[in-house]
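Peer 1: Handing you a structure now.
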Amino acid sequence: MTELVGTGGGLRSACFAPHSALYLRPDGLVHACCVTGFSVGTVHGPERQSLREIWDGAALSDQRQALEAGAFDLGCQECEFVASSAGRGGSLAVHFDRFAAGAPHEYPRLLDLALSSRCNLQCVMCNGGLSSAIRTQREGLPPLPECYDERFFSELDEFLPHVERLQFKGGEPFLARENRRIWDRLIDLGTGPEVTVTTNGTVLNDEVVRYVRELRMHPNVSVDGVTPETLEAVRVGVDAGRLWRNIDVFQELADEAGNGMTLSFCLMTVNWRELVPFLVEADRRAVNCNVILVNQPRRFDLLQQPAEELAVVLDELTTASPPLAGAAAVAWDEVVGRIRSHLESPVELVGSSTVLMSRPVERSVQERLRSLLVDTYGLDPLVVEAEEGLVCHVDVPAWAGWIGAEEFTGRPIDSLGELLDERFGPRTVRWLVSPMHGVLVLSTELDAPHGRRDLRGHRLVDAETGRQRVYVVDVEPGAPVPSIS
Ligand SMILES: C[S@@+](CC[C@H](N)C(=O)[O-])C[C@H]1O[C@@H](n2cnc3c(N)ncnc32)[C@H](O)[C@@H]1O
Ligand code: SF4
């Protein structure tokens, strides 16, 4: 049963992120938070929207409604997963509860900004979408375009005075001119919101010191190891000695500002032995600490190690456990709790496409979905199956002949939309609230030979084979999604 949180005003929701926050990514896509895979708009490219259009738009409203109904299907599977293994308190959702009163708000209360991927490091678990150094050097790709232009900054001006908290991420935030522009504006406005900056800690100069002081920033410095060997092996390009000296300076500035400081640790297969020394160091410094259980790339995901190996990890960690206090003790309990709970009842999260994470769905549940579709729409669904992202099988009922789905085989499943565009002209794509856990519903409106239709796909990961499967029906645009009793 999903836990709903109340606002006092009658509104209840599993999470208030879509009611209170926006996360802006380096590629211009806008999400409600940094964990969801569900985009609510873009401020870049031919489909760009204004911040106001996005905040008042249908996509964000759909996500709010889904969560108010206790459904995590619009891209919120990761929080559902964490809540089921560690309790809601361990999930990101809980961070938005403080903004619940009065929601939904006329303006976002929290802006989480990753406006640029400019970065000087190539951390092993990071990717070219978040680090320009990785994109150009490790991936050999051209730099990503800058997505935030004059129009964006003038729209942002209307929002900034209403924001209670700003979180700057990246890329490396202290290398981004976009951030400096916002910090200058915040200093002019003098509204004094909370400002946190998640930084790799390598950029420290007079200008950085001035911003940290004037905006009383809370620095959140990422250190994924304690020994120079591990730290430098994970955070590729860092000089461990210099980083710790910079951390000393950030800590002095943070003490001066009085808003605290955090040290972050990405817990992975390659550095778990340094978790205890990390927590001891955070405790010694009396700073806040944040442990992130990395799940992508999969080889770094500690929880997805074979159970025997994970049991050894838990054993070593608990044997080594020193007395900890404060934030370090809380982080310790959370991590040990997550590992224990995973060993007791493992839940596997499967990356089902570039943007979706989903729980595998059992065959019996898929049969219920199929019957629901047949009962509601009077059609046996077209079924498209993909392995490792490539379509490997299609099952085409007689009604679906006009789609030409036989030619899907061998193509990437994420490229089928473009094929439909070529055949039927531009589509309109929208996520809908799903009738079942683990099933993502995508509405694709297009001009079919028999008129305007909605090819509605019900996308899931098959528990038996790990393959992606999409059950597609041909419905009237705007047809309601069936609800399951
Ligand atoms: C993308 S970084 C951007 C800010 C800054 N460059 C830094 O490293 O702190 C934001 C946070 O994400 C963490 N991170 C990087 N790769 C990750 C992954 N694959 N999974 C989870 N967190 C990750 C980083 O360690 C950092 O704490
Ligand atoms: S410093 Fe941050 S953005 Fe840069 S590569 Fe490392 S995690 Fe990614």
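Peer 1: Among helices (runs of 4 or more DSSP H) lying entirely in region 240-332, which contain 2 or more residues that are touching a strand residue (DSSP E or B) at 6+ places or on another chain (Cβ under 9 Å) and within 16 Å of ligand 2 (Cβ to nearest atom)?
Peer 2: Hits in region 240-332: 240-257.
Peer 1: Which of the numbered conditions does A325 fail, given that it passes all the others? Conditions: (1) touching a helix residue (DSSP H, G or I) at 6+ places or on another chain (Cβ under 7 Å); (2) among the aliphatic types (A, V, I, L, M); (3) surrounded by 15 or more Cβ atoms within 10 Å (Cβ to Cβ).
Peer 2: Of the numbered conditions (1) touching a helix residue (DSSP H, G or I) at 6+ places or on another chain (Cβ under 7 Å); (2) among the aliphatic types (A, V, I, L, M); (3) surrounded by 15 or more Cβ atoms within 10 Å (Cβ to Cβ), the odd one out for A325 is (3).
Peer 1: I've got another one for you. How many residues are assigned to a loop (DSSP other than H, G, I, E, B) and either touching a residue at least 24 places away in the same chain (Cβ under 8 Å) or of a type in the set (D, E, K, R) (or both) if we restrict to region 52-73?
Peer 2: 6
For (1) more than 11 Å from ligand 1 (Cβ to nearest atom); (2) part of a loop (DSSP other than H, G, I, E, B), each residue gets a yes or a no:
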position: Y148; (1), (2): yes, yes
position: F159; (1), (2): yes, no
position: Q167; (1), (2): no, no
position: G171; (1), (2): no, yes
position: L186; (1), (2): yes, no
position: G192; (1), (2): yes, yes
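Peer 1: Further, regarding this structure: So, in region 89-125, how many residues would count as being part of a loop (DSSP other than H, G, I, E, B) and more than 16 Å from ligand 2 (Cβ to nearest atom)?
Peer 2: So the answer is 11.
Peer 1: Among the residues of region 202-249, count how many are more than 14 Å from ligand 1 (Cβ to nearest atom) and β-branched (V, I, T).
Peer 2: 5
Peer 1: Does D421 qualify as being under 25 Å from E362 (Cβ atoms) and either surrounded by fewer than 17 Cβ atoms within 10 Å (Cβ to Cβ) or modelled with pLDDT under 90 (or both)?
Peer 2: So D421 fails the test.
Peer 1: Can you find, within region 128-144, the residue that is nearest to ligand 1 (Cβ to nearest atom) among those that are in a loop (DSSP other than H, G, I, E, B) and without any contact (Cβ under 8 Å) to a residue 40 or more places away in the chain?
Peer 2: G128
Peer 1: Would you be able to say whether some residue in region 43-60 is over 25 Å from P145 (Cβ atoms) and among the hydroxyl-bearing types (S, T, Y)?
Peer 2: no
Peer 1: Okay, moving on. Out of C15, C76, C119, I need the residue that is in contact (Cβ under 8 Å) with a residue 40 or more places away in the chain and within 16 Å of ligand 1 (Cβ to nearest atom). Which one?
Peer 2: C119
Peer 1: From the list D301, D333, D315, which one is among the acidic types (D, E), loosely packed, with under 15 Cβ neighbours inside 10 Å, out of contact with any Asp or Glu (no Cβ under 8 Å at 6 or more places or on another chain) and within 29 Å of M261 (Cβ to Cβ)?
Peer 2: D333
The values are calculated or read from the model by the stated rules, or taken from the named source; none is laboratory data. Computed from a predicted model, the values in this text were never measured in an experiment. Because the Cβ atoms are built from the backbone with ideal geometry, glycine has one as well, and the counts that use them run over all protein chains shown.
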